[in-house]
Amino acid sequence: MTRQSLTNAAGEAGSARRGDEGALETHAGDARAWLEVDLAALRRNAAAIARRAGVPLLPMVKADAYGLGAIPAVRCLEPLEPWGYGVATVPEGEELRAAGVARPVLVFTPLLPADFANARRARLTPVLGDPAVIAAWLDGAGGAWHLGIDTGMSRAGVRWDDLAAVRSLVERSRPEGACTHFHSAQAGDDSRDEQERRFDDAVRALGVDDVLLHAENSAAVERRSPSRRSLVRPGIFLYGVGCGRGELRPEPVVALRARVVELRTVAAGETVSYDATWRSSGARRVATLAVGYADGYRRALSNRGAALIHGARAPVLGRVTMDMTMVDVTDVSCALGDVATLLGRDGGELLEVADVARAGDLSPYEVLTALRARLPRRYEGAER
């Protein structure tokens, strides 16, 4: 399928599934809660990290592009001509192929032989590290593969210091690429340097130092550039979250909005939500927002999160429930139907993903990927 077909497929899917992409008021008129995704900002983030890295991108679009929509994300990244895309599962790769993606698609979670037929059918490239699984891949129809090397993450890949079992397999069928993953790229310690040395030693020992090599995630590119590898694998930076320690700062990409659907006043001593974890010390005005943890607004934000309403902060009161969240609007101008922002910008105020994550003692990755739930998405800034 051509790039134009990919654009059309993504656009048609978005229109059919998401509805009108016009102004906020038009889109939100019949929605209780929704996501806004700024694809132009996503593309600018990708372009910025590509300039800094100085090598082609292998953007990670796994987990539905971290919850924001894999097909629209790929659609907006295509003009940057990335080398390929990274996913975690065969079905994620199949989704890209069905949408017309022709570039290489790497599957980073280790496959089992039962996955091979579907992977081959979709022309997916597995990252393999287990000798028995590599042998099974080669004993079948074969095909392009990348060698995963474990340099300290202890999650997947052949250990850097135990290469004997894969040496003959690499000689039998040279991998297209080899990769590793940094466990603490955002930290200021020497763990990355150690992992780099282990990776360099391993690829030299196996004689694959001239294949496609990739190691850097978002934080690694932020902290140290340009890259000396073939490709870089940005993920969360694309979607608006940086490590906060490099020169590069991403633009916000996502906003989570919800309607005020009820207003009430509680008296001193009255409680709000399940388990009565919040009790009023005086008369307070409480707004109920039509969003909850089934929409991805995490229960960990109970009594800790906040919403923005007309640019003013409204603290979360009590437990976040499955479908509704209550906030304190005693000092906020608020009426039924007003829009509350739980992620993103409202006026001069901004609730960044990292800020919300800290409030709930969460990872920013958890905050974003939770948004894959039932919320409709509105995409802005897509190429027409």
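The values are calculated or read from the model by the stated rules, or taken from the named source; none is laboratory data. Only a predicted model underlies this, so the values are computations on that prediction, with no experimental measurement involved. Ideal geometry is used to build each Cβ from the backbone, glycine not excepted, and the neighbour counts take in all protein chains shown.
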With the structure loaded, tell me whether GLY157 is surrounded by 15 or more Cβ atoms within 10 Å (Cβ to Cβ) and either of a type in the set (Gly, Ala, Ser) or not assigned by TED's automatic domain parsing to the domain that holds TRP83 (or both) or whether it fails that test. yes
Flagged in segment 364-384 as farther than 16 Å from VAL353 by Cβ and acidic (Asp, Glu), in numbering order, are GLU380, GLU383
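In segment 122-218, which strands (runs of 3 or more DSSP E) lie fully inside it and hold 3 or more residues that are touching a Leu at 6+ places or on another chain (Cβ under 9 Å) and either at pLDDT below 95 or more than 30 Å from GLU251 (Cα to Cα) (or both)? Full working, then the answer.
On the way: elements: 125-128, 146-150, 177-179, 212-214.
Output list reads 125-128, 146-150.
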Hey, among the residues in segment 326-384 that are among the acidic types (Asp, Glu) and surrounded by 14 or more Cβ atoms within 10 Å (Cβ to Cβ), which one's farthest from GLY240 (Cα to Cα)? ASP328
Kindly evaluate ALA354 against the criterion of being aliphatic (A, V, I, L, M), out of contact with any Cys (no Cβ under 7 Å at 6 or more places or on another chain) and not in a loop (DSSP other than H, G, I, E, B). yes
Could you please give the count of residues in segment 129-152 that are farther than 20 Å from ALA205 by Cα and in contact (Cβ under 8 Å) with a residue 12 or more places away in the chain? 9
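If only one of ARG17, ARG3, ARG51 is basic (Lys, Arg) and modelled with pLDDT of 95 or more, which one is it?
Selected residue: ARG51, the only one of ARG17, ARG3, ARG51 that is basic (Lys, Arg) and modelled with pLDDT of 95 or more.
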Taking the options LEU256, LEU238, LEU248, name whichever one is at pLDDT 95 or above, touching a Gly at 6+ places or on another chain (Cβ under 9 Å) and crowded, with 18+ Cβ neighbours inside 10 Å. LEU256
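Hey, any hits in segment 365-384 for a residue that's farther than 30 Å from ILE71 by Cβ and not basic (Lys, Arg)?
no
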Counting just the residues of segment 177-205 that are within 26 Å of the chain's Cα centre (by Cα), surrounded by 15 or more Cβ atoms within 10 Å (Cβ to Cβ) and of a type in the set (D, E, K, R), which one comes out farthest from ASN217 (Cα to Cα)? GLU196
Could you pull out the residue among PRO110, PRO79, PRO59 that is within 22 Å of GLY240 (Cβ to Cβ), crowded, with 16+ Cβ neighbours inside 10 Å and touching a helix residue (DSSP H, G or I) at 6+ places or on another chain (Cβ under 8 Å)? PRO59
Kindly provide the set of residues from segment 362-376 that are over 20 Å from ALA219 (Cβ atoms) and either part of a helix (DSSP H, G or I) or at pLDDT 95 or above (or both), ordered by number. ALA370, LEU371, ARG372
